[in-house]
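Each remark here refers to the structure printed beneath this line.
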Amino acid sequence: MQKLHDSSIVPNTTLRHLIDQWLQINCSHGYDLDYFQTFDDSFVVLKHNLQSKESTLETKVEALDKVLALSKDLPFENCPLIQLDFFQMILELALESSNFEENFMFVEKALVCGLKLLPFSDLGTLNMLKEDESKFTNFLILLKKGTFIIKKSLCHFIVAISSSIQSKELLVMLGKSKILIQELVHLIENKVDGYEESIKALSALSSLEQNCEVIAKENTVNALITFIVNAPKCQYKSLFALVMAMKTIETLLVVESAKEDVLDHPNGVSEIVKMVFRVSSDNEASESAMNCLIILCQDFMNAREEAICCGILTKLLLLLQSQCSERTKTKARMLLKLLRSMCNGDQK
């Protein structure tokens with residue numbers, strides 16, 4: 001007789017999976033296989049509806065809706081979505097559309113479905129972008145002309161590509177594409193929906209040092225610094241993006257032009273100094289900011305002078321008195337030591 005506060009119905013997927021396993025174990029003992037036949041046939045029909053040229057766009061969109069609903073129960077053993085390789089098929093369909101502007105709804109849903117299936121699929125499948133020039137071309141077109149959902153989805157795929165050793169060559173190929181880098185930077189510069197995903201994608205691409213030069217030459221550092229200057233500091237989403245932007249700048253400083261971009265930006269050094277203690281609860285942001293300053297101060301006297309004028313010494317002392325990690329405090333001591341030795345050297 002207790003009051004029911006939540007009237008929603010939650011499916012017992014655990015029990016269903018146990019039933020599936022029981023049927024698989026016992027089907028060899030004469031149990032009816034109709035359950036499996038019906039289960040698998042429905043997926044075969046679903047795949048046919050997506051692949052068939054006779055299927056209307058509406059039928060294909062409905063099929064994707066069903067795939068999306070079914071993918072919410074993943075992972076479970078012997079799932080037909082994985083066994084029948086829906087991931088590769090859906091990705092190919094998304095990148096084969098001849099007239100994207102008329103099929104944006106289909107492409108959106110296809111990419112969202114692909115992302116749902118991605119954690120349970122072979123990441124080597126993404127190498128289709130490297131092996132088929134037309135698919136790579138369509139990838140760039142979608143990044144340039146697609147909806148925000150499409151652009152964000154493609155950014156997630158770039159991050160996934162960077163996480164797999166199977167797709168290292170593809171990551172190099174993406175990192176060399178000026179068009180791709182320009183579109184990602186454009187998303188950040190315009191502060192439109194998808195800027196956070198774009199920063200993640202640039203960070204993923206810059207994880208390979210051989211990509212950094214091309215990325216740095218496309219105004220990436222300027223865009224990231226301007227983003228840090230203008231980003232709201234109270235929102236969690238912006239906080240995460242701030243940390244990622246700072247770490248990406250740090251990675252790109254292996255390129256000389258990236259260092260010059262920081263120095264030439266009117267808020268370059270000063271904004272990095274602020275980041276040392278701006279996100280006091282985030283050790284990664286502080287460490288990346290200090291690593292950037294160590295690199296810049298070692299190479300440029302004007303960077304040292306500007307950092308000191310912007311109050312870096314006070315921020316480092318505050319950081320040492322805070323509750324940050326010992327590793328972050330070690331970085332702070334390193335930067336203090338560097339600035340002190342250089343100041344002594346300048347006086348001599």
Looking only at region 281-318, which residues are of a type in the set (S, T, N, Q) and surrounded by 15 or more Cβ atoms within 10 Å (Cβ to Cβ)?
-> ASN283, SER286, SER288, ASN291
Report yes if some residue within region 287-300 is outside any helix (DSSP H, G or I), touching a residue at least 40 places away in the same chain (Cβ under 8 Å), over 21 Å from THR220 (Cβ atoms) and not charged (D, E, K, R); otherwise report no.
-> no
What is the one condition in (1) aliphatic (A, V, I, L, M); (2) at pLDDT 90 or above; (3) closer than 27 Å to LYS168 by Cβ that LEU64 does not satisfy?
-> (3)
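Hey, does region 119-134 have a residue that's closer than 24 Å to TYR195 by Cα and surrounded by fewer than 19 Cβ atoms within 10 Å (Cβ to Cβ)?
Within region 119-134, one or more residues are closer than 24 Å to TYR195 by Cα and surrounded by fewer than 19 Cβ atoms within 10 Å (Cβ to Cβ).
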Those residues of region 56-77 which are surrounded by 15 or more Cβ atoms within 10 Å (Cβ to Cβ) and either farther than 22 Å from LEU115 by Cβ or among the small types (Gly, Ala, Ser) (or both) amount to ALA63, SER71
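The values are calculated or read from the model by the stated rules, or taken from the named source; none is laboratory data. All of these numbers come straight from a predicted model, not from anything done at the bench. Glycine gets a Cβ as well: all are built from the backbone with ideal geometry, and neighbour counts include every protein chain shown.
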